Amino acid sequence: MNPLLGANSEQAAAILDRHRHLFEASARARTRGFVVSFGIAAFTVFSVWWLAIPFNEILRGLTALAKFITLMFPPSSGGHLDLLLKAMGETLAIAFLGTLIATIFAFPLSFLAASNTTLHPLVRFTVRRFFDVIRSIDALIWALVFVGVVGLGPFAGILAIAVSDTGALGKLFSEAIESADEKGRVSVLASGGTDFAAVRFGLLPQILPIIAGQILYFIESNVRSATIIGIVGAGGIGLQLSEQIRTYDFDQVAFAVIMILITVAIIDWISDRLRFAIIGRRAVT
Amino acid sequence: MPSTIPLVSPARLDSLVADYQRVIRRRRRQSLLVLAVLAVLTVLAARIGEVDPSNLFDNISNFTSYFGRIMPKLGTAHFFADVADWYWNATGWLKLLIDTLLIAYLATLLGAGGALLMAPLAAANLAPNAAIRWTAKRIFEFCRTVPDLVFALMFVSAFGLGPLAGILAIGIHSFGTLGKLFTEAIENIDMKPVEGVRATGSNFVESARFGVFPQIMSTVASYALLRFEINVRSGSIVGLVGAGGIGQDLFVAIRKFYYTDVSAILLMIIICVIVIDLATERLRHQLSGQGARS
């Protein structure tokens, strides 16, 4: 028996009983919780059955993985350090230029896709669907297409990132424009400014810090995606990485992965700094 | 009634204008500096990236004609027969598309579940000690930085061809990204309920379960849905390395120049992705509405 309740335990139990509804969720919430968790579990079982997951393969696979991991140490460049460095440079170039080109295309288009600056609802609808379509195709598939157009090499990767990110950035930019405060634009118009001046002086100062932050974030995430685009021959470190995995040179895989980790960490650090500088400036002005 | 507008003395006005222009000049200098850095980086990146606009313009006809070639030949005379011809393998592709969705579902579940269990160890306000926190953060970072296709390639070698490799690869990647987001969500919670639970003598697991999770559940669900959306896209490409889903057929169609197959599969993926986007957006709005109310 709980010593704190002492002789009054029966009373305490009665009080607890009276206020039971405070401690327990309502019947409706409980049923909903139950239905949701049961649904998730049932769908998981169905998925496992549909995909015919081979559970007997898992143990064999794990031992194979363990072997791969032991093969990774010590990491070695395999005497291709210059090649790897060049590939890493290509990866950075693809991420930077891809994002830059995507920004150049997405920025003007995003005004057409935002409800407060578009020319006509029909234009807005068309541009939005255009963004949706090119966004739903992964950069890797665009890379396959562009390898066919401009040949193997990083240029195909740049174009692939540029196209797929035009859709993603366009959507984000147009959302930033839509959520901007209308007062800035209205006051420029009220003081006799043109529509262009209203956008330039009433809208842009509000959205530029947001947009700059998003661009930085995209460069960061594109460094990650540019590391794999090489698998289809579109430049960057992915080509070496996929070849090394196929030929079981896991010490070199480990080396390349460590290079990627370090590069991404450096880029993250720089963009964190820049983002802080941009947001800091917005807080000041 | 005569009213007087207070006038600024000319000397004061001059100094104000000078100040204003100094600020403007400084801002211009800053912008120019940023532009110059950007220009240098662009030229450098263009050299490394072997950018060749003339090549693009010479071959842009390949690009447009490619889209011309992948367009299905649909006539009004035998429209339905043409569509049937275009989607000759509709049931096969539909099965692969469902595979893709289920791969994304299982991977999201795996990643979100794992991330939810480990995030309390990585959050500054809950982590038992600095060493555990540092380790957990580095594990998340590793999992999200190594591209999912690299994991997929390795898992295909280890577990053989099939969806298992894709699920694990996308799952590990989701684990890394969601882990970071969940950690941030936990760092933003109100600590009072946690202290309350702790005051009753709970251990780490109990205080996480009753003090932390109820606060972050709607955020977690919303992030997991967003991740599911992204994972459907990833699920459509892991097939490129043999890790299941519709990517395999798409890859074969592109490589072997089965033009109309490319457009048929792409259209299916696009529609599927857009539908999933819209559906999860609805769900997320509902969730955030609930979070605001409770």
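Taking 15 Å as the straight-line reach from the Cα of B:Lys73, the aspartates and glutamates in range (excluding those fewer than 8 positions away in the same chain) are B:Asp82, B:Asp85, B:Asp261. Size estimate for the range B:173-275 follows the Kirkwood approach: the inverse of mean 1/r over distinct Cα pairs works out to 16.7 Å. Helix screen, chain B: DSSP H segments with Cα axial length of 18 Å or more and mean Kyte-Doolittle hydropathy at least 0.0 are B:10-48, B:90-122, B:163-187, B:213-235, B:259-293.
For chain A, hydrophobic long helices are taken as DSSP H runs at least 24 Å long by C-alpha position along their axis with mean Kyte-Doolittle hydropathy of 1.0 or more; these are A:81-113, A:250-284. Taken along its three principal axes, the alpha carbon spread of the range A:6-53 comes to 61, 22, 8 Å, from the longest extent down to the shortest.
Within the range B:62-134, all pairs of alpha-carbon atoms sorted by distance into 10 Å bins from zero give the percentages 16, 19, 20, 14, 12, 13, 5, 0.
Excluding same-chain neighbours fewer than eight residues apart, the lysines reachable from A:Lys67 by a Cα-Cα span under 28 Å are B:Lys137.
Could you sort the peptides B:115-121, A:136-142, A:193-199 by per-residue average Cβ neighbour count (10 Å cutoff), highest mean leading? Walk me through the intermediate numbers first.
Numbers: B:115-121: 21.6, A:136-142: 23.7, A:193-199: 14.1.
For the peptides B:115-121, A:136-142, A:193-199, the packing ranking is A:136-142, B:115-121, A:193-199.
Modelled this way, with points 7 Å down the Cα-to-C-beta line, the labels at B:Ser31 and B:Thr76 are 5.4 nm from one another. Restricted to Cα atoms, the range B:89-293 shows a radius of gyration and a Dmax of 19.5, 67 angstrom.
Taking label positions 7 Å along the Cα-Cβ direction at both A:Asp272 and B:Leu38, the computed distance is 2.5 nm, reported to one decimal.
By the compact-protein rule of thumb, 2.2 N^0.38 Å, the alpha-carbon radius of gyration of the range A:1-151 corresponds to a ratio of 2.04. The GluC sites (Glu not before Pro) found in the range A:20-102 that occupy coil by DSSP, while having at most 14 further C-beta atoms within 10 Å, are A:Glu24. Neighbouring Cβ atoms from other chains, within 10 Å of the Cβ of residues in A:225-238, number 3 on average. A DSSP coil position with no more than 15 other Cβ atoms inside 10 Å describes the following trypsin sites (Lys or Arg not before Pro) in the range B:198-294: B:Lys256. Eigenvalues of the alpha-carbon gyration tensor of the range A:81-284, scaled by 5 and square-rooted, set the equivalent ellipsoid semi-axes at 38, 20, 11 angstrom, largest first. Restricting the range B:48-110 to chymotrypsin sites (Phe, Trp or Tyr not before Pro) that sit in a DSSP loop and have at most 15 other Cβ atoms within 10 Å of their own Cβ leaves B:Trp88.
Partner aspartates and glutamates whose Cα lies under 20 Å from the Cα of A:Lys86, excluding those fewer than 8 positions away in the same chain, are identified as A:Glu220, A:Glu243, A:Asp249, A:Asp251, B:Glu50, B:Asp52.
Take every residue in peptide A:261-271, count the Cβ atoms of other chains within 10 Å of its Cβ, and give the average of those counts. Don't skip to the answer; put the middle values down first.
Values: counts 5, 1, 1, 4, 2, 0, 0, 2, 0, 0, 0.
What the average comes to for A:261-271 is 1.
Spin-label model, B:Ala18 to A:Tyr248: label points 7 Å out along the Cα-to-beta-carbon direction sit 7.9 nm apart.
Taking neighbour counts of Cβ atoms within 10 Å as a proxy for exposure, in what order, fewest first, do B:Ile246, B:Ile276 appear? Before the final figure, lay out each step's value.
Details: B:Ile246 28, B:Ile276 19.
Lowest count first: B:Ile276, B:Ile246.
Could you work out [θ]222 nm for chain B from helices alone, using -39500 (n - 2.57) per DSSP H run of at least four and dividing by all its residues? Round to the nearest 500 deg cm²/dmol. Walk me through the numbers before you get to the answer.
On the way: 12 runs with 230 residues, N = 294.
Rounded to the nearest 500, the figure is -27000 deg cm²/dmol.
Legend: mean number of C-beta atoms from other chains within 10 angstrom of residue C-beta atoms, peptide A:84-91, equals 2.
Against the empirical 2.2 N^0.38 Å (N residues), the protein assembly as shown has a Cα radius of gyration ratio of 1.13.
Any read-out appearing in this document is the output of simple, stated calculations on the displayed coordinates, not a laboratory observation. Since this is a predicted model, take the numbers as computed values, not measurements. Positions of Cβ are backbone-derived with ideal geometry, glycine not excepted, and every protein chain shown enters the neighbour counts.
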